Structure formats: C-alpha cells, structure tokens
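Readers should treat all values here as calculations from the given coordinates under stated rules, not as data from a laboratory. The structure displayed is predicted, hence computed values, not measured ones. Backbone-built Cβ (ideal geometry, glycine too); neighbour counts: all protein chains shown.
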Amino acid sequence: MKVTKRNGHKEDLDINKLHKVVMYSVENLTGVSASQVEINSQIQFYEGIASTDIQETLIKSAADLITEESPNYQYVAGRLINYHLRKMVYGEFEPPCLCDIVQKNIDDGFYDPEFVEIYTKDEINILQSYIKHERDEDLTYAAMEQFRGKYLVQNRATGQIFETPQVAYMMIAATLFSRYPEKKRMAYVKAYYDAISTFRISLPTPVMAGVRTPQRQFSSCVLIETDDSLDSINATSSSIVKYVSQKAGIGIGAGNIRAIGSAIRSGDATHTGVIPFYKLFQSAVKSCSQGGVRGGAATLYYPIWHLEVEDLLVLKNNKGTEDNRVRHMDYGVQFNKLMYERLIKGENITLFSPKDVPGLYDAFFTDQDKFKEMYEKAERMTSIRKKSIPAIELFSAFVQERKDTGRIYLMNVDHANTHGAFIEEVAPIRQSNLCCEIDLPTKPLSHIHDEEGEISLCTLSAVNWGVIKDFEEMNKVCKLAVRGLDELLDYQQYPVLAAELSTMKRRPLGIGIINLAFWMAKNDMTYQEPNLELIDEWAEAWSYSLIKASNKLAMEKGACPGTNETKYGLGITPNQTYKKELDELVKHKERQNWKELRKNLKEHGIRNSTLMALMPAETSAQISNSTNGIEPPRGYISIKQSKHGVLKQVVPGFPYYKNKYDLLWDQKSPQGYLKIMAVLQKYIDQGISVNTSYNPEHYEDEKVPMSVLIQDLLMFYKYGGKQLYYNNTFDGQGEIDVHKDDKLEELPLGEIEDDEDCESCKI
C-alpha cells in the first residue's frame, strides 16, 4: 500500500514510522498510552492515503482522549501537531537554521525586510543558538491549534504555514528590541524570548500574529469620540472603518449627540435623534469583514440621563423592528454618584438632551460637584426640555436588558476619572473600549485629518501570576513587559493622525493578569472565600513593579510628553486615589517603597501615562495553558470551537489542585468575585473587564431577583468599580422579577461618602 507524501511523492506504508511518531508524543508523560492513541484513531488505510490525513487522524484521536481522568492527552495531541507542523513547514522534523527561515520568509513577503537590515548574520546565528525548539513540546493541544490557526505566519488563502512557535517567539522578541543599542539588545531579546516562550508574559493576538511581518498595527483597543456635528460624526465613521480594517476592537463615545426633536438651524428643522447615527456607526463597524466571516466589533457609550435613554436601552434586544433597533453593537451605559443617590433615596432621574444644557456633558466627566449643581439647576428650569423617571425604573430597565442580552455594560464615569491615571479637569475619561477595561482621554475629530482631535489606542499584554514564583521574578517580568510594549509604540504605524499624535503624547500601555484562578487554587483560596490580604499584597507588588519600570524608562529615554496631564507626574499613584470604603475589605498597607517611587515620579515623570488594564484573555490564555484572565473556570475542561474543530483544555495543575478550583456556576453569588476585582482595582490606573455571573439554580423559583442584581451594582460602585462587562446567566431561565416598589434601603450599602472626604481626590 502506498502513502502520498507532502511533496506528492508516493512510498510504501511504513507502520513503524507511525508507531515512532506516536511514541514520541507520549514520551515522559504519565497516564497516557501510545497504543490507546493508535487504537482510538481507527485509521482506515487505503491506496494513496495522504500522510497529512494520517497525522490529522492521530491528532484527533489524542484530542478525543482528553478527559479529567487523563488530562495529559492534551500534551500528546500538542506534540502530534508539533510533529505534523514541522514536517509541513520545514519538510523534516529538525528545524533549519534561523538565518534560512528568516531569509526565505523575507523573500516570500511574510517577514519584515527591515529585520536583516538591523541584525547581522552573526547576530541571527547567536539567536539561533539560543532558541529552544523543545519548548514547543510543552504546548497543549489547544495552544498548538491556536498557533496554527491564528498566530503563525501563513498564507490564509492556501493554509500554508511558514514558521513554528519558537521561531515566532524569537522573531517577536528580536523585532521588538531591534532599536535598542547593540550592546544591550541581545540580552533583552533573550530575556524577552524566555519570558514569552515560558508564558511569564502573555501577548495578545495582534502582537503574536503581526510583529515580525510587514503589517504594523498592533493596538488591540481603539477609543473614538464623536461630537454633536455632522463633520465629527463622519470623521468618527471614517476612523472606525480604518481601524476595523486593522482588526482592532472599537469603543465609541457618542453620548454628546443631541436628542430627537432638538432644533436645528435655529428651528428650521428638527433633529432625527441619535439612532440613525448609531446605525451609521454600526455600518462602519461591520463594513470590513475579516475573511468575509465576521465584521468588526464595537461598544458604544452614552449617559443614563440622555433624553432618549428609554429607547437606547432596548437597542440590542430581539423585540421591535430594524427601524428602532441597532443590534450589532454592544452598549455601555454611563453612571455617576448622583444617579446612584437618586436610586437609593427613591427619587427620580431627569433626562436631558446634552445640547439643551451646555456644559453638562463635560462636567459629567470633569467635575462631579459642578455636574450636580448644573443638573439640579436644569431640573428647576421650565424652559429646558426634559423628562423625569423614577430611578428604580431606569435601573430596572438597564438591569433587565443587561440580563436579557448579556451585552449591555456599565461605566461609572466618576470612578474612571477620580481613580484614573489622568487629571480629570485636563484630560477627562469620557468612554471605555470594546471590552470595558481601557480608560484613556479622547477628543472628537472635526475631520479625518484633524490634529486637534484625539483617538486613543492601547497596546496590551499580561503577566502570568500562576507561574511567577516570587516578587523578585515579578519585578523582572514587569520590567520586560513594559519595555517590550513601549518599543511597540514606536515600531507600529498609525492609520489616523489623531491616533498617532495621542499615542506619542501619552504612550499608554495596558498590562493585565492571566491565570488568576490557578494562582488562587495554588494558594488555597476560592472566589467565594478569597484571601483578600494576599491578593492585595500581590497586586501591590505587580502594580509597583510596572510603575517603577516605566519611571526607570523615563529616566533612560525621557518621560512621555503628556506626563503633566497625569497624576503620576504629580507623584500620585493608584493606591492613593482608591475608594476608601475598600478598607472595609482589606486594611491598607504599603509594603513596597512607594515613598521613593513617588519622589522619582515627581522628579522624572513616567514613560507611559497608563500601565495596567485587566482584559479578557481567551486565546492568549489557551496558548499559555492558563485560566482565562481573572475569571473562574466554568469547568475543569473548557471546550471551545476553532476552525480545526472542538478544542479541549484542562485547567492547569488539575491532578494536584482539582479540589481547590472554584468553578463559576458553583458560586452562589458574584460578590466574592466582585470584592476581588475591587481589591485589584485599587492598584490599577485603568479598568477591569469585570463580568457578573448568575446561576438561577441558587435562587428561589430559579429566578434572580431584581433586588439582588441592583444590590450587586451598588456594592460594585461602593468599592470603586469602574466598568462592568458581560452579564452571564447559566441557563437563561426565567425573567427577572421587576418590582417598581423594591425596598432598596434594605440593601447593605450604607451611605455613599462624599468624594470630598477623600483627600486623594483633591488634585
């Protein structure tokens, strides 16, 4: 019987070769069997069968054997993909020298030709001697599938792949530090390669797939704000198209657009309202599909007090018609202290068109006392168009839509500003991003080439708490994470001038955390009963290390030009501006040398206006065999779809920590999780993609009461929460009980303290 090889040649079937490959895949792994992989494969040999089909069958066989009882089959399947990949890319198992790989991929147009203009052949040979291809054997099935599906340089039309994971890691490291002085460069390349290839640092998809290629747009998050004018709306739409084409997620600040019925041209016409313009933004977001499969994604932000809010809250639901729905975007509804006070006191919220109360929309972000004064004055003025609604009705409508769609988000704009990196009077935060963790200043564009406008970009990575041994290692990893991303800002290109000018001015980074659930399991704690003291200690060390790294970089390369608009420039760090109610959960301590760091910040400034953001981490967590970001796992084995089929991933350390993991749907309430997020937020200059999750089985009649949902919102606000992302329901059963007369005074919130009682808020 003949087998068709990858090059088209045919040779006799050699069963021993198959055995040899399978034996390689199980070497030094416990609880797995080579014969079981072969038996389970049930390969049906036929004349001319392709060797690639044999390999894919073996891979699927090993993947099917992944269970809680036999988790190591995920490494067997990963190694089988590794063998298959090497043969496909290089024609043999042993990779050729890096020089040859680099030159070939440059010649074929897949690598950036600048690489060989910067690095000499001798330097590339040094990298060749340092690369550790054996690390590919430590990648799981899910990781290898994500690599060959998303990350590795390839021809998307033919499916041909041109590199393997370790080559990708080394090329990323070498590309990022290519502009470092020659005496320092190689040391940083090696250190960064080690950090990313051993999963100390996790990189997002745009960086993993793009750095080393001619493509040079790697920012994951784009924040675009529109003004209340046709020129600005058109500029916003054009900017969305440019960045969606680069596969970036979009945050749209559209809360300043006037409401329906507002006078235009001195009463010559009336305004059509915001919904037609939201539809325009939706069309822009979906205009550039990725391979014709899916369009871009965006979250649009507006305030809860907007005159059209009743219609805006329902834009995403499945009721109504296409004329009054805009379903293909997500929405972030903006709140502040005054809105919560109205809820707690059983009072009304008054709705306005931003145009009718000049300055109100700006004050909403820059000055909470001024906003309250202007808002209450406008409520008393009979000449201003308005509508008054009981706060409980508005909050109930918001919570109901959030529960029904899962994609109506929350933003506390006062916390985003008072506990943010920027001086709110100078550089206010008016919106967040697609995934609700980025808080950066924006300014509307009057046209696409406007130099006065500001589009904010954030470039992401994450530190893997689960594999960090101690604070010394934390410091080293954070230093590398900051330096790597800072280099990326200068290396990448910018499709819109306003984005480039803003990035060069502020140099914002968003470095997060992955594998938190594994770290917690190792430290004998659950989400329902967390050790907040230990979480506080680690979060402090992580935050301190990041800020110190950026401050050192400022001494070395200069502070970012926008330092004077940051609290860092004043010597103020995030753990000084947090909500003091948090001290109820964990007593405030300063274990690191913050005094010296603050002194250095005042003297030298900071290289990066922002440093932290806790983002979702789906794919990158799979690559590093980590639990997803800061989230609890939904099961011991997660199952996700990919173009190669179903991906199984076992939680890390499963045989040892099985009984320590706290699974999501076993949790009776999200309050433990929310308290952990509050402690983490204390040390973060941007936000967190915080989710709320409810299992109706834990509630009477399998319905989650409205009072419970609102109570969690209030607790989230009390402890300084900024943004809420997804709302997850286990089975979607039942409607939320909405009672207009719900007694909120029974909720254990207490009085919300005035911000003026917090000295750190007085800038």
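About its Cα centre, the dipole of segment 384-514 is roughly 400 debye, where the only charges are +1 on Lys and Arg Cβ and -1 on Asp and Glu Cβ. The angle separating the long axis of helix 73-90 from the principal Cα axis of greatest extent in the chain is about 70 degrees. Kindly express, to the nearest 10 degrees and within the range 0 to 90, the angle between helix 471-491's C-alpha long axis and the longest C-alpha principal axis of the chain. The helix 471-491 is inclined about 80 degrees to the chain.
Tell me what the chain gives for mean residue ellipticity at 222 nm when only DSSP H runs of n ≥ 4 count, each as -39,500 (n - 2.57), the sum divided by the residue total, rounded to 500 deg cm²/dmol.
Value at 222 nm, helices only, nearest 500: -12000 deg cm²/dmol.
Pairs from the table (LYS150/LYS443; LYS567/LYS722; LYS345/LYS377) lying more than 23 angstrom apart at Cα are LYS150/LYS443.
Among DSSP bridges having both ends in the chain, what percentage is antiparallel? Round to the nearest 5.
Beta bridges within the chain, antiparallel portion: roughly 45 percent.
Once Rg and the Kirkwood radius are both taken over the C-alpha atoms of segment 1-94, their ratio Rg/Rh works out to 0.97. For ASN531, nonlocal amide neighbours, meaning residues 5 or more places apart or on other chains whose placed amide H falls under 5 Å from its own, are THR526.
A cut-off of 5 Å between modelled amide H atoms, ignoring neighbours fewer than 5 places along the same chain, links ARG216 with GLN493. In the chain, the alpha-carbon atoms span a convex hull of 166 Å³ per residue.
Using every pair of distinct Cα positions in segment 293-358, the Kirkwood expression returns a hydrodynamic radius of 13.7 angstrom. Summarising the label geometry, the points placed 7 Å from Cα in the beta-carbon direction at LYS602 and TYR24 lie 6.2 nm from one another.
Only sites in a loop by DSSP and with at most 13 other Cβ atoms within 10 Å count here; which trypsin sites (Lys or Arg not before Pro) in segment 562-643 make the cut?
Loop-located and lightly packed - LYS587, LYS589, ARG591, LYS643.
A Förster radius of 41 Å combined with the Cβ-Cβ distance from ASP138 to HIS328 puts the calculated FRET efficiency at roughly 0.55. Coupling constants for segment 229-236 follow from the phi torsions by the Karplus curve (6.51 cos²θ - 1.76 cosθ + 1.60, θ = phi - 60°), and in residue order they are 8, 5, 4, 5, 4, 5, 5, 4 Hz; glycine and proline get x.
For the chain, which span is the longest to avoid every loop-located (per DSSP) member of GluC sites (Glu not before Pro) having at most 16 other Cβ atoms inside 10 Å?
That would be 93-346.
Each residue of segment 380-385 was assigned a 3J(HN,Hα) from its phi angle through the Karplus expression (A = 6.51, B = -1.76, C = 1.60, θ = phi - 60°), giving 7, 7, 6, 7, 9, 5 Hz with x at Gly and Pro.
Between the Cα long axis of helix 275-285 and the first principal axis of the chain there is an angle of about 20°, rounded to the nearest 10. Backbone phi angles across segment 616-633, fed through the Karplus curve with coefficients 6.51, -1.76 and 1.60 (θ = phi - 60°), yield HN-Hα couplings of x, 9, 5, 5, 5, 5, 5, 4, 8, 6, 10, 6, 5, x, 9, 8, x, x Hz in residue order; Gly and Pro are listed as x. Note on LYS589 and ARG216: the extension gain reaches 130.1 nm, defined as 0.36 nm multiplied by sequence separation minus the Cα-Cα distance.
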